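One structure below.
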Amino acid sequence: MPEKTGPQLLYIDRPDVSETFADSIHGLSFDGQTMRIEFCNIRIDPFNPQEAPTGRQYPVCRMVLTPNAGIELFNRLQQIVKALEKSGAVHRAPPTAATPKTIQ
C-alpha cells in the first residue's frame, strides 16, 4: 500500500512581508488546539548607578500555530541547536543529579 502523504506544495516567496525582530518570549501556551507564542523586545531604561537596572518588555508579535506547525517548529529548532553544538557555538549543560525530597 502506498504511504499517505500530504499535497505537494510550491513555496512562493513574498518579499513584501515585513520582518519582526524579537529578543525575548513573554508567553507560550497550548490549549489543545493551538500553540500561542508572544514575542517581545526588551528596552533597558537609562542607566543610573544608584539604582538597580530597570527596563520594559514590549510585545512585537503574537504567533498562533496549529499542533503540526508547532511540532515542525520544534523539529527545526532542534536541527539548529544540533548545528550550533557541532560548530561549538553552544554547549549542552551536563545533567545535574536530582536531590531527593524528604517528607516530614
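What the table below lists for this structure:
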| quantity | calculated |
| --- | --- |
| His91, His26 arranged by Cβ crowding within 10 Å, fewest neighbours leading | His91, His26 |
| Charge dipole (the chain, unit charges on Cβ, about Cα centre) - positive-most of His26, Pro94, Val64 | Pro94 |
| Stretchable slack from Thr5 to Glu19, in nm (0.36 nm times residue separation minus alpha-carbon distance) | 1.9 nm |
| Sorted by Cβ neighbour density within 10 Å, fewest at the top, the residues Lys86, Lys4 | Lys4, Lys86 |
| Sequence of Ser18, Ser24 once ranked by neighbouring C-beta atoms within 10 Å, starting from the fewest | Ser18, Ser24 |
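Every read-out reported here was derived from the displayed coordinates using simple, explicitly stated rules and does not represent laboratory data. No experiment lies behind these values; they were computed from the predicted model shown. Every residue, glycine as well, gets a Cβ built from its backbone with ideal geometry; the counts of neighbours run over all protein chains shown.
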